[in-house]
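The structure under discussion appears below in the form of structure tokens.
The values are calculated or read from the model by the stated rules, or taken from the named source; none is laboratory data. Since the model is a prediction, treat every value here as computed from it, not as a measurement. Note that each Cβ is placed from the backbone with ideal geometry, even for glycine, and that neighbours are counted across all protein chains shown. For the accessible areas, the whole protein counts, side chains as well, though only heavy atoms, and no ligand, DNA or RNA atoms are used. Shrake-Rupley method; radii C 1.70, N 1.55, O 1.52, S 1.80 Å.
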Protein chains: 2
Amino acid sequence: MVEKKTIKLDDVAELAGVSKTTVSRVLNNRGYLSDKTIKKVHDAMDKLNYRPNVIARQLFKQKTNLVALVFPTVDNPFFAELEAELEKRFDQLGYRVLMGNSQNNPAKEQDYLKLLLNHQVDGLIVGSHNQGISEYQKTTRPIVSIERFVGKQIPVVSSDNYQGGLLAVQRLLNDGCKHIIHTNYPINLVSPNELRQQAYEDLMNRHHRKPITYSVSFDVSDEEKERVFRKMFREHPEVDGIFADNDTNASLIIRVGKEFNRHVPDDLKVVGYDGANITRTLSPELTTIQQPIPEMATKAVELLLQLIDGKTDVKSVTLPVKMINSTTA
Amino acid sequence: MVEKKTIKLDDVAELAGVSKTTVSRVLNNRGYLSDKTIKKVHDAMDKLNYRPNVIARQLFKQKTNLVALVFPTVDNPFFAELEAELEKRFDQLGYRVLMGNSQNNPAKEQDYLKLLLNHQVDGLIVGSHNQGISEYQKTTRPIVSIERFVGKQIPVVSSDNYQGGLLAVQRLLNDGCKHIIHTNYPINLVSPNELRQQAYEDLMNRHHRKPITYSVSFDVSDEEKERVFRKMFREHPEVDGIFADNDTNASLIIRVGKEFNRHVPDDLKVVGYDGANITRTLSPELTTIQQPIPEMATKAVELLLQLIDGKTDVKSVTLPVKMINSTTA
DNA sequence: TAACCTATGTTTACCGGTTACCATAAAGAT
DNA sequence: ATCTTTATGGTAACCGGTAAACATAGGTTA
């Protein structure tokens, strides 16, 4: 077998007939350089197919140009679009992106944080739904959170969940729904998500209706979720409107509704939440509250860069949501 | 502001009252160590909240435990599920995963490869749809491709596209369709995908029907794709069956069909392709050919590890597909 | 008692760039 | 003719672990 040794900076210097220092100068565009030398060096690099070892540079510079994304899973329309948007922006800024799917498992999230921090990432964007992860308190590394309170000093980018809740429930009320049920994550999760439920309850109370919320965990199977929704239809046959906490659940509810002979929008109206691209392509009929995913990505990246630049007065932001009117409500 | 210096191995050694070597031995579980010493070292690490600098280790060991995924975009049901499955497996094996969304742009794919290789990734899994990327020829780094021919020596994991094509078209024929149209990527892409079209054409010819294929680029907007499908319905009003190259297109076709007053399954039957989880949750009514995404991920990881381990006789594999019967055909 | 195993320390080279510092020399400006 | 700017080289320290090589010493075993 051919012994293929790695081409290093010294090899380039030798072939180009210049010093190691000069090659480094060319690579980093530093100091005085003649066009002739630059060309010589580039030619040598091409000939040898030289690839600078980023690791060595990272070690010296104490900067990796790596960021990590920690979310429950990328296999979900909202997170997929968000991570794609984040990656696109980071790429443009010269950062590579590490993926961390925490599966909504606190132990896994903790492990991921530890591992990713060990990899000397320059920053993290987290949107996992666990709490009590001590790792966040231990590190001073830049972190921005999306739609979730993580710690006192960690800025949060969220959409206007209270407004989203109001829009959804108001829509159902306007459509004449008398018995509106809300589905949400287990509420022990400290998340701006909670505000959706708050809006639902406030609006229901204002209309002298009893708020009823069904909890559905994020990380269980579709079958498990459907079981909860069947229970919901059995326990509340009077239900005529549902404000679902996400579009996937809205879709499942519509399907389970059919089993109970309830058809949207005639005898059941459903409003979802998120309004991701994939969802709108695959379920165009769904009325939903759309989170401004691209804008959230932009803002999160912006805040993280501020932290990386050493800014200390980085503030959380809330972005407006939009109602997408379709035929399920 | 508090000057917070990075804790390094020497600091741990000093606090624990042992030598640098001993700490390194504890970290790497190497050589002889007494329980007492191990505890001392761990205590010191905890007290200092020491995080070994992975970069330094990577530099010395010439191993990063990083792999990169290069796919068009993660914001797509198939790739999202595939990348999630890949990440899960790599995580279990101690590898971190870098995300590279090439947007189906050859220049971007080339850039990504260069950048990710510079980051000294131990391997890559690619599933982008571009061709003529010279970078693949230049590197000797382990690469496994998914559903795409990249280069002579690069193993490919694909599902049985020919069989998938047969299943889909046979289903439409059995359902009594007389005028079946196929949609696919522009066929200049060298991809096992082509076999689906081959199966479609073979089966059509066998039944003395004229095969008609509409090309739809992957990376254009939904609106653009819908324009193509409208054109299709206008040019072929006789169409009564469609074999779409992916579920998203199937969904768009069904929607556009409604504009032309064609309703599935009564006056139009549609079979999609991919059968990803998200799609099946959001469009449960879609009849489709399901690719074995988890198995493909398992196989791709397995092959990549073989390459990383230096094996040379790593073979491409083809995995069976499955028909998901529902109501659109 | 010699031989061996266990448990640690010391020293040092190494991984592959980066960069500060100093030296040298030719071209251009004053 | 002197000063400055431009262009390059050489040397060495540094980033933070890793590990080979060798030394030392107490405990066990044949």
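A few remarks follow.
- Sparse packing (at most 13 other Cβ atoms within 10 Å of the Cβ) combined with a DSSP loop state is found for the following trypsin sites (Lys or Arg not before Pro) in the stretch A:260-329: A:311, A:315.
- Seen from every direction in turn and averaged, the convex hull around the alpha carbons of the stretch B:169-279 projects onto 6.9 nm².
- GNM flexibility winner over chain A from A:121, A:220, A:67 (Cα, springs under 10 Å): A:220
- Highest-MSF residue in chain B out of B:178, B:63, B:20 [GNM, Cα springs under 10 Å]: B:20
- At R0 = 60 Å, FRET efficiency that the Cβ-Cβ distance of residue B:213 and residue B:11 yields, to 0.05: 0.35
- Shape category assigned to the protein assembly as shown from the gyration tensor of Cα positions, a/c cut at 1.5: oblate
- With the label put 7 angstrom out from Cα along the Cα-to-Cβ vector, residue B:221 ends up 4.0 nm from the copy partners, going from closest to farthest.
- Antiparallel bridges, percent of DSSP beta bridges restricted to chain A (to nearest 5): 10 percent
- Calculated FRET value between residue B:259 and residue B:114, using beta carbons and R₀ = 35 Å, to 0.05: 0.20
- Pseudo-label separations to other copies for residue A:35 - Cα-to-Cβ vector, 7 Å, nm: 7.3
- Taking the accessible area of the protein assembly as shown, probe 1.4 Å, and keeping the other protein chains in place, the carbon and sulfur fraction comes to 50%.
- Amide H to amide H distances under 5 Å link residue B:287 with B:272, B:326, B:327, B:328, B:329, where only residues 5 or more positions off or on other chains count and H is placed in the peptide plane.
- The GluC sites (Glu not before Pro) of the stretch A:154-263 meeting both criteria, a DSSP state outside H, G, I, E and B (loop) and at most 13 other C-beta atoms within 10 angstrom of the site's C-beta, are A:238.
- Residue by residue along A:136-146, Cβ atoms of other protein chains within 10 Å of the local Cβ number 1 on average.
- Taking the DSSP beta bridges with both ends in the stretch A:125-267, the antiparallel portion is around 0 percent.
- Share, in percent, of DSSP beta bridges within the stretch A:19-177 that are antiparallel, nearest 5: 0 percent
- Shape category assigned to chain B from the gyration tensor of Cα positions, a/c cut at 1.5: prolate
- Cross-link pairs beyond the 27 Å C-alpha cut-off, checked among A:108/B:152; A:108/B:39; B:63/B:299; A:269/B:178; A:88/B:114: A:108/B:152; A:269/B:178
- Counting Cα-Cα pairs of the stretch B:1-145 in 10 Å increments starting at 0 gives whole-percent bin shares of 10, 30, 23, 19, 15, 3.
- Between B and A, roughly 5000 Å² of accessible area is buried in total, ligands, DNA and RNA not counted and the probe set to 1.4 Å.
- Once the C-beta distance of residue B:42 and residue B:63 is scaled by a Förster radius of 41 Å, the resulting FRET efficiency is 0.95 to the nearest 0.05.
- Residue among A:205, A:101, A:130 with the largest mean-square fluctuation in a Gaussian network model of chain A, springs linking Cα atoms under 10 Å: A:205
- Mean Cα-pair separation over length for the stretch B:161-292, i.e. relative contact order, pairs under 8 Å, 6 or more apart, %: 26 percent
- Chain A: relative contact order in percent, alpha carbon pairs under 8 Å with at least 6 residues between: 17 percent
- Point-to-point label distance, residue A:135-residue A:313, nm (Cα→Cβ direction, 7 Å offset): 3.2 nm
- The other copies place their residue B:111 label points at 3.5 nm from this one, listed shortest first, where each point is 7 Å from Cα along Cα→Cβ.
- The overall shape of the stretch B:9-52, judged from the alpha-carbon gyration tensor, is prolate: a/c is not under 1.5, and a/b is greater than b/c.
- Solvent exposure of the protein assembly as shown amounts to 44 Å² per residue of accessible area, where only protein heavy atoms count and the probe is 1.4 Å.
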